[in-house]
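Beneath this line is the structure, given in structure tokens, with notes to follow.
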């Protein structure tokens, strides 16, 4: 395996690193391999085992090569209950964790990511076994100064059903690279991402979904509300192999621009080799709809209250199709509290 | 509120309004007192919805001349939400959809804003239940997103539900009868009648059928941005029978 210090650094011509170069999210300098501590991972609902780091395919991705080298352990999360909450607490200078989910039947897990570390690396992996269902939610509430590098690798086997929801509220600079492979026929994947950009947050979500087998379905919804001088990036890479006939896949990116200084990029990309598939993608960026604003204000809500309601609705709408009640409700509840603090003081 | 004037609930004088530089209203005069129901009829494009929107304070409409006084004060500078809090209500012809916002949450926040404080939860639930029963609305409405995926009739019922909860002093109903079947029209009309006694109502409509159920005190005909004729309920019947050509001739 390539070591980090021997690996070639990605250029900005690469889709993945176009908007957030590796140098901006490395904990120190790109030619260094600093000592990285461990985040605290806790749960009252499920068994967490710490084992020597599991080998993971890093696919020559620089962030994964880096994490593979600095991590010493893997947290194994064996989901036994239907609903599980896991707290990931990041303290200190630079910390990281690899969490691997083992789920055999139908279960859900909510990750609550908090802390004031300067740099956090998080690698989530899991294998959704045949005929099993897994719902994963992650709420990022890191400190406003934190840099987060998140890498995910998920594999969905035959007749497996996997949903992944992300609510991104915290951190200063975020680079997420979430990859899901639908390796079994009749497998399903839905992914939901809601981003609230505020202050000078830079939040970059790159999502790769790879259909390898026939009759597999995927849907990606990314809603980003961008205020102040924030910058949201959403890039998608949907690949449908030539064996993956009768695939149905869609990606939609929506950006709500709340300030003239806010920026948003939304770039879905498709690579379709099969010929009997349905594949759709779309992207839209717009300010608040004046008709909606007028309607709410005509019902007595001030401009600030109406804006808060519209932003909340826009972001909540990202999760409307989340099947797991516990994941959906956790997302919506946290979002409401966050927006009340952020938008209404 | 601004400068005080008279006792009328709403007094519109010599109102000229433009939208993106195009004049729509051209010297409209109208006075509505509390407890009165005024109906406004007119051809498409005559300015009916413009009147509704400009009274409610829609920012796209520019008053180029004339005044609007509400409860004795000039409200030209008053923001939309302040007008709502002062008791003004517009039932929209095409209410906006608000994805992700549940009807129950929206109603609670709206009522709290207009009343100046959040209603006690138990009392509000009871009030809401009664109003929804009055309009034959299922409780499942409350968990749906505001107007999203609603039929035309469901949208209008939600508008009237808000009317019942907000108990405005001035209710402007912009083609509330459009898209309603006969049963729904009766339910909506009953809702309007239940608040009309203490409210000034401005009912914009194309059809006599609503005015059979909501009896107007005064009927106005709007032509080219100003009121060309005013009269009693018989005026609406005449329009139903003869159309607007005779109004053109008089003008």
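Every read-out reported here was derived from the displayed coordinates using simple, explicitly stated rules and does not represent laboratory data. Treat the numbers as computed from the prediction; the structure is a model and nothing was measured. All Cβ positions, glycine included, derive from the backbone under ideal geometry; neighbour counts span all protein chains shown.
Here are the numbers for the structure shown:
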read-out: Cβ-derived FRET efficiency at R0 56 Å, residue B:143 paired with residue B:251, nearest 0.05; value: 0.65
read-out: Shielding by partners, peptide B:80-87 (average Cβ within 10 angstrom, other chains); value: 5
read-out: Rounded if a/c under 1.5, otherwise prolate or oblate - region A:4-344, Cα gyration tensor axes; value: rounded
read-out: Cα principal axis extents for region A:234-345, largest first, Å; value: 55, 34, 23
read-out: Cα centroid separation - region B:136-203 against region A:122-187, whole Å; value: 44 Å
read-out: Cβ neighbours within 10 Å from other chains - mean over A:280-290; value: 1
read-out: Mean Cα-pair separation over length for region A:4-344, i.e. relative contact order, pairs under 8 Å, 6 or more apart, %; value: 11 percent
read-out: Three principal axis lengths of region B:10-250 [C-alpha, angstrom, descending]; value: 56, 39, 31
read-out: Helix-only CD estimate at 222 nm, as mean residue ellipticity for chain B, using -39500 (n - 2.57) per DSSP H run (n ≥ 4); value: -11000 deg cm²/dmol
read-out: Mean shadow area of region A:300-345 over all directions, Cα convex hull, nm²; value: 3.2 nm²
read-out: Contact order relative to length of region B:180-251, as percent, for alpha carbon pairs under 8 angstrom and 6 or more apart; value: 24 percent
read-out: Cβ-derived FRET efficiency at R0 45 Å, residue A:273 paired with residue A:89, nearest 0.05; value: 0.55
read-out: Inter-label distance for residue B:34 and residue B:198, nm, one decimal - labels placed 7 Å from Cα along Cα-to-Cβ; value: 0.9 nm
read-out: Packing-based ranking, highest mean first, of A:158-170, B:113-125, A:328-340, B:19-31 given that Cβ atoms within 10 Å are counted; value: A:158-170, A:328-340, B:19-31, B:113-125
read-out: Chain B, relative contact order in percent, only Cα pairs under 8 angstrom and at least six apart counted; value: 27 percent
read-out: Whole-number D in µm² s⁻¹ for the protein assembly as shown, Kirkwood Cα-pair radius fed into Stokes-Einstein, 4 °C, 1.567 mPa s; value: 48 µm²/s
read-out: Two-site label geometry, residue A:35 and residue A:48: point separation in nm, points 7 Å out along Cα→Cβ; value: 2.3 nm
read-out: Cα radius of gyration and Dmax for region A:125-182 (Å); value: 13.4, 41
